[in-house]
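A.B. asks: First, the structure itself, so that you have it in front of you.
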Amino acid sequence: MKKVGILFLSWGLLMVFTSLTFAVEPLKIAYVDMQKALNYCEAGKEAKRQMTLELEKMQKVFAGKQKELEKIKDDLEKRGSVLSENVRREKDRDYQTKLRDLQRLQKDYEDDLRRKDREFTERILKNMEVIIKQMGEEGKYTVILEKNQPTILFISNSLDLTEEVIKRIDQKQK
């Protein structure tokens, strides 16, 4: 009789612990390779195409101005010895001014390209963030991480301890 009682008690405890185990949501973790997603999604490919076109356009303008500057330098080197001191100095000043303008133009182009790249990337990442959050909620994920960086892209609100921390801090202050 004791053996049957112990058997039923063991079975009952097993059922209680099993039901408690199943009542807790399972930990579900996933990751996203944001760089790959950014490069291979259609919006990313289109952004890359637009950036390439913009770069080619800027390179053409820059190359034209660079040729013009080289002509001035060649002319100054060839004819510099036969020009009067004042004319040579004036042409040299003109060359230096155009060289600085070309360097500024190059910096402006680089800054403009970086700004446009950042704008494209931010726009795509905002859309990805919405999609990842939606996937996290639909797939009942606990946490979604970024593959290449220690960044949490989505985390279930059930894991948020912020309110409890605030309560305990406030209680400790009293």
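A.B. asks: Being in contact with a Phe, Trp or Tyr (Cβ under 6 Å, 6 or more places away or on another chain), modelled with pLDDT under 90 and not small (Gly, Ala, Ser) narrows it down to one residue among Ile72, Ile6; which is it?
C.D. replies: Residue meeting the stated conditions: Ile72.
A.B. asks: Also: Which of the residues that make up the stretch 50-71 are surrounded by 11 or more Cβ atoms within 10 Å (Cβ to Cβ) and within 17 Å of Asp112 (Cα to Cα)?
C.D. replies: Selection gives Gln50, Met51, Glu54, Leu55, Lys57, Met58, Gln59, Val61, Phe62.
A.B. asks: Can you name every residue in the stretch 138-162 that is touching a residue at least 12 places away in the same chain (Cβ under 8 Å), assigned to a helix (DSSP H, G or I) and not hydroxyl-bearing (Ser, Thr, Tyr)?
C.D. replies: Leu159
Here's the yes/no breakdown for (1) in a helix (DSSP H, G or I); (2) farther than 27 Å from Leu38 by Cα; (3) under 15 Å from the mean Cα position of the chain (by Cα):
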position	(1), (2), (3)
Lys78	yes, yes, no
Asp92	yes, yes, no
Gln96	yes, yes, no
Leu99	yes, yes, no
Leu113	yes, no, no
Asp117	yes, no, yes
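A.B. asks: Name every residue in the stretch 77-116 that is more than 26 Å from Leu53 (Cα to Cα) and of a type in the set (S, T, N, Q), in order of residue number.
C.D. replies: If the condition is that a residue be more than 26 Å from Leu53 (Cα to Cα) and of a type in the set (S, T, N, Q), then Ser81, Ser84, Asn86, Gln96, Thr97 are the ones that fit.
A.B. asks: Something else: Residues that are exposed (fewer than 12 other Cβ atoms within 10 Å of the Cβ) and under 30 Å from Lys28 (Cβ atoms): does the stretch 90-104 have at least one?
C.D. replies: no
A.B. asks: Still on this structure: Is at least one residue of the stretch 119-136 hydroxyl-bearing (Ser, Thr, Tyr), at pLDDT 75 or above and touching a Phe, Trp or Tyr at 6+ places or on another chain (Cβ under 9 Å)?
C.D. replies: no
The values are calculated or read from the model by the stated rules, or taken from the named source; none is laboratory data. Worth saying up front: this structure is predicted, and the values here are computed from it rather than measured. As a convention, Cβ positions derive from the backbone with ideal geometry for all residues, glycine included, and neighbour counts pool all protein chains shown.
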